[in-house]
Amino acid sequence: MKFILPKSYLLVPFFLGMGACSSYLDVNVSPNNPTSVTPAVLLAGAEGGSAFVNANELNRFSSVLVQQLAGAANSPATYDIYQTNSADFGNQWNGELYNGPLINYQKLIELGDATNSKVYSGIAKIMKAYTFSIATDVWGDVPYSQALQGEAFTTPRVDKQEDIYKGNATLGIQSLFDLVREGIKDLDATSTLKPAGDDIIYGGNLTKWKQAGNTLLLKFAMTISRKEPALAASVINEVLTGANYITSNANDMNFNFGSSVGSQDPRYTYMFVSSFQNDMLLSTRYLNLLTSLNDPRLPIFFTKPGPSYVTIDNGFRGTLPAPTANWSRYNKYVTGNSGEGPVRMVTNFQRAFILAEAALRLGTPGDPQALYTEGITASMTLAGLTPAQITAYLDANPAVAKLTGTTEQKIAQIITQKYIAFTGNGLELWNDYRRTGYPTLQLSQNAAGINGTIPVRAVYISNEVQRNPNFQNPSPQSNIPVWWDVD
């Protein structure tokens, strides 16, 4: 399931045969002939690349660490007992990030500017910021401001995560916040070419892109809120004042894959198609949480082929339940009917939970209880529950419905519901767990790794450390928090 994108195809969108999208994705482009590339050729594949890295190996790693899934074999089983090192994630760093969507976004920005098609540049800047946030949230300090420049910087500087998020004018580092702001501004520029069907996420709807960009600013602000509360509050207030962010599930920033073999969501491929399909299943711990809350989303999120859910505990080492056909795995809410997904990258429920937490933690405008209820309602609606069913659930479960206790206890409730709502997106769950400590997780059985602790970063891949002297060597191991993770 891992692959390295050959350097001779740095600009090749690697999702093929995706139904109506295939005309945009089934292409081979030579990076040595950039004049042959059009913005439409680059955009769809770049968007698909961001969705793919979100849903592939890094998602398996993080979903097991936060105990929504449990590892039964191969890499997921080793992640489940916290064993990870510099041999992991080389394909994600190379093929799925730097040599995949990130270089495509950089080329798209350059091409959009060169062809007076700034709308493409704007979308690319928003998505470049989103995709770089994955890299820095996973590894911490990463090549950023000098990355993607080809021969100009063959060993790019490894920028501090603080500078990536906040910017550093002295070093010429643009913050992720400003990259998004610049992208939003570009969407209003006169543009010779504009996206339509080549934009798999929004179909060229620039209003939705602006809302997504502003909601992404909220996400970034909350990510750094424990480390930089004043900056986080300032950004959130800026977005609230502008009042142009995602407020409807219909405007979520999603990517839909295809339903044919070779074009499907990697979560579906891994669990239902590949030779690795028996590597993971629903965690007993997550089953217990959802059951204890009487959560009606359980059968929507996970399958129950037999009379009961079939799970294992995290870190379990013993005889696996048989037959594997009865294992509880992701259901159609996550994978789609035939592997189309979607991958939910920035969402309405996420926005509501962020603003609920911000109101409590940072004192930003908004009623925490109303925003919390809005987040739960948005998630349950997305899962297919009717308004009457949602109301009945909340009325019958006041311990879930009402924020109670201290500020910290209320934040724990918010993050727990956000954790449930983001089922299938392990990276968001891992970010929140590292940032807040919620939900409370007990160590896996047979915990190993470094002192039996849950990893709080991925380890730099060894060949990058050896190739680029700008990397810290020896590198920080999996127990060293990233900059924004204060405790």
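Just so it is clear, none of the values below were taken in a lab; they were calculated from the coordinates. Values in this document were obtained by computation on a predicted structure and should not be read as measured data. Neighbour counts are summed over all protein chains in view; Cβ atoms, including those assigned to glycine, are modelled from backbone coordinates with ideal geometry.
For the range 327-447, place one equal point scatterer on every Cα, skip the solvent, and apply the Debye formula. What is log10 of I(q)/I(0) at q = 0.17 Å⁻¹? The Debye formula, applied to the Cα set alone, gives -0.93.
Between the alpha-carbon centres of the range 359-375 and the range 470-487 there is a gap of 32 Å. Protection proxy ranking of 46-54, 413-421, by the mean of other Cβ atoms within 10 Å over each peptide's residues and highest first, is 46-54, 413-421. Close amide H contacts of Leu281 (hydrogens built in the peptide plane, cut-off under 5 Å, sequence separation of 5 or more or a different chain): Ala70, Ala72.
Once the piece of chain linking Gln442 and Ser308 is laid out straight, how much longer is it, given 0.36 nm per residue of separation minus the C-alpha distance between them? The partial results should precede the final answer.
Working: separation 134, 0.36 × 134 = 48.24 nm, distance 2.41 nm.
Stretched out fully, the Gln442 to Ser308 stretch lengthens by 45.8 nm.
Other residues whose C-beta falls under 13 angstrom from the C-beta of Thr190 contribute a net charge of 0, scoring Lys and Arg +1 and Asp and Glu -1. Determine the distance separating the Cα centre of the range 312-354 from the Cα centre of the range 381-435; give it in Å without decimals. Result: 17 Å between the Cα centres.
In the range 56-138, the alpha-carbon atoms span a convex hull of 91 Å³ per residue.
If packing is taken as the mean number of other Cβ atoms within 10 Å per residue, what is the order of 100-111, 294-305, highest first?
Most protected by this proxy first, the peptides run 100-111, 294-305.
Is the shape of the range 266-335 rounded, prolate or oblate, going by the alpha carbon gyration tensor and its root eigenvalues a ≥ b ≥ c, with a/c under 1.5 for rounded and a/b larger than b/c for prolate? Don't jump to the answer; show the numbers that get you there.
Numbers: a/c = 1.75, a/b = 1.18, b/c = 1.48.
It is oblate, given that a/c is not under 1.5 and a/b is not larger than b/c.
In order along the range 359-370, phi translates into HN-Hα couplings of 4, 6, 7, 10, x, 6, x, x, 8, x, 5, 5 Hz, rounded to whole numbers, per the Karplus curve 6.51 cos²θ - 1.76 cosθ + 1.60 with θ = phi - 60° and x for Gly and Pro. Relative to the current alpha-carbon distance between Thr319 and Thr192, full extension at 0.36 nm per residue lengthens the span by 39.5 nm.
Counting Lys and Arg as +1 and Asp and Glu as -1, each charge on the Cβ, what is the dipole of the chain about the Cα centre in debye, to the nearest 20? It would help to have the intermediate numbers written out before the result.
Values: 35 positive and 38 negative charges, 82 e Å.
The calculation lands at about 400 debye.
As a size descriptor, the averaged projected area of the C-alpha convex hull of the chain was calculated at 21.7 nm².
For the range 51-199, the Cα-based Rg and Dmax, in that order, read 17.3, 53 Å. Over the range 321-366, the pair-distance histogram of Cα-Cα distances with 5 Å bins from zero comes to 5, 17, 13, 14, 12, 10, 10, 10, 5, 3, 1 percent, rounded to whole numbers. Ranking Thr391, Gly405, Phe422 by how far each Cα lies toward the positive end of the dipole of the range 372-487 (charges on Cβ) leaves Phe422 at the top.
Please compute the contact order of the range 368-487 in relative form: average sequence separation of alpha-carbon pairs under 8 Å and at least six residues apart, divided by the residue count, as a percent.
Numbers: 76 pairs, mean separation 21.8, N = 120.
Relative CO of the range 368-487 lands at 18 percent.
Using only side-chain charges placed at the Cβ, +1 for Lys and Arg and -1 for Asp and Glu, the dipole size of the range 246-358 relative to its Cα centre rounds to 140 debye. Across the options Pro365, Gly306, Ala352, the greatest Cα extent toward the positive end of the charge dipole of the chain (unit charges at beta carbon of Lys, Arg, Asp, Glu) belongs to Gly306.
Please give the net charge around Ile173, taking every other residue with its beta carbon less than 12 angstrom from that of Ile173, where Lys and Arg add +1 and Asp and Glu add -1.
Details: positive: Arg157, Lys160, Lys166; negative: Asp141, Asp159, Glu162, Asp163, Asp178.
Result for the neighbourhood of Ile173: -2.
Two decimals is fine: what's Rg over Rh for the range 188-256, C-alpha atoms, Kirkwood radius as Rh?
On the way: Rg = 14.1 Å, Rh = 13.3 Å.
Rg divided by Rh gives 1.06.
Can you pick out the pairs among Lys185/Lys402; Lys194/Lys418; Lys166/Lys208; Lys166/Lys332; Lys304/Lys418 whose Cα atoms lie more than 32 Å from each other? In this structure, Lys185/Lys402; Lys194/Lys418; Lys166/Lys332 lie more than 32 Å apart at Cα. Only beta bridges with both residues in the chain are counted; by DSSP, about 90 percent of them are antiparallel. Here the sum of -39500 (n - 2.57) over DSSP H runs of 4 or more residues, divided by the residues of the chain, equals -13000 deg cm²/dmol at 222 nm, to the nearest 500.
Only Cα pairs under 8 Å and at least 6 apart count here; give the relative contact order of the chain as a rounded whole percent.
On the way: 906 pairs, mean separation 100.6, N = 487.
Value for the chain: 21 percent.
Count the net charge of all other residues whose Cβ sits under 15 Å from the Cβ of Tyr460, scoring Lys and Arg as +1 and Asp and Glu as -1. Provide the component values of the computation, followed by the final result.
Working: positive: Arg157, Lys160, Arg457, Arg467; negative: Asp88, Asp137, Asp141, Asp159, Glu464.
Summing Lys and Arg as +1 and Asp and Glu as -1 gives -1.
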